[in-house]
Amino acid sequence: MKYKKIVIQPYQLGNFPYKDIISRKLEEIFQLPVIWLPDREMPYAAFNPERNQFLGSYFLKDLLSVKSEGDIVLGIVPYDLYEPDLNFIFGVASPVTQTAVISLYRLHNTFYGLPEDQNLFIERILKEAVHEIGHTLGLPHCPNPTCVMHFSNSIEDTDRKSYYFCPSCYQKVKMALGQF
Ligand SMILES: [Zn+2]
Ligand SMILES: [Zn+2]
């Protein structure tokens with residue numbers, strides 16, 4: 001697979017002021033250009049009114065409608081996501097379709113009853129974005145708790161890790177991207 005660019009599809013993010021910083025960091029880490037599509041409506045079909053959450057895996061298919069060959073597509077949603085056997089998910093990705101989605105819902109400090117912290121919010125977004133893009137490239141979870149591919153079960157796990165790959169995962173990324 002030859003990768004050409006990372007495409008970000010925002011869903012009802014409105015005036016989202018962090019596009020440039022996120023693009024710069026993702027371009028630095030993956031050495032691929034990053035483009036943002038215009039904001040799109042949340043797909044009502046993914047909404048579960050009993051749980052008041054959206055089904056994460058729905059977006060993996062939904063995003064195929066904006067994907068061209070060689071794209072890695074990342075959806076970003078402001079609402080809470082779930083999978084049937086899980087209370088919530090921070091994000092989900094498929095190495096088959098090279099699509100991924102992350103939720104910002106639980107990345108705000110205010111979700112945990114704390115004052116909002118913009119820098120922390122941006123760092124958390126980057127960690128979840130890099131993690132899910134790593135999965136689209138076929139990377140599994142990493143046992144190193146500071147590696148971005150470490151599994152996050154809670155925001156504490158997310159805060160403990162960095163938004164960078166450990167050397168072993170980075171090698172896998174370079175291999176998957178054909179960047180040597
Ligand atoms: Zn994961
Ligand atoms: Zn790692």
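Filtered by the rule that a residue be away from ligand 2 (no atom under 13 Å from the Cβ), in contact (Cβ under 8 Å) with a residue 40 or more places away in the chain and out of contact with any strand residue (DSSP E or B) (no Cβ under 8 Å at 6 or more places or on another chain), region 122-151 gives ILE122, GLU123, LEU126, GLY138. Every condition in (1) within 16 Å of ligand 2 (Cβ to nearest atom); (2) open to solvent by 30 Å² or more (accessible area, probe 1.4 Å); (3) of a type in the set (Phe, Trp, Tyr) holds for TYR79 except the one numbered (1).
Screening CYS142, CYS166 for residues that are touching a His at 6+ places or on another chain (Cβ under 6 Å) and either within 14 Å of ligand 1 (Cβ to nearest atom) or hydrophobic (A, V, I, L, M, F, W, C) (or both) leaves exactly one candidate, CYS142. Give me the pairs, please: first residue somewhere in region 47-71 and open to solvent by 30 Å² or more (accessible area, probe 1.4 Å), second residue anywhere and in a helix (DSSP H, G or I) and at pLDDT 95 or above, beta-carbon distance under 7 Å, and either six or more positions apart or on two chains. Final answer for the pair search is LEU55/ALA46; TYR58/ALA45; TYR58/ALA46.
The set of residues from region 165-180 being more than 9 Å from ligand 2 (Cβ to nearest atom) and either in a loop (DSSP other than H, G, I, E, B) or under 14 Å from the mean Cα position of the chain (by Cα) (or both) comprises GLY178, GLN179, PHE180. Residue pairs whose Cβ atoms lie under 6 Å apart, separated by 6 or more positions or on different chains, with the first residue in region 100-116 and on the phi > 0 side of the Ramachandran plot and the second acidic (Asp, Glu), do not occur.
The values are calculated or read from the model by the stated rules, or taken from the named source; none is laboratory data. Being a predicted model, the structure only gives us computed values, none of them experimental. FYI the Cβ positions are ideal-geometry reconstructions off the backbone, even for glycines, and counts take in every protein chain you see. Quick note on the areas: whole protein, heavy atoms, side chains included, nothing else; ligands and nucleic acids left out. Shrake-Rupley method; radii C 1.70, N 1.55, O 1.52, S 1.80 Å.
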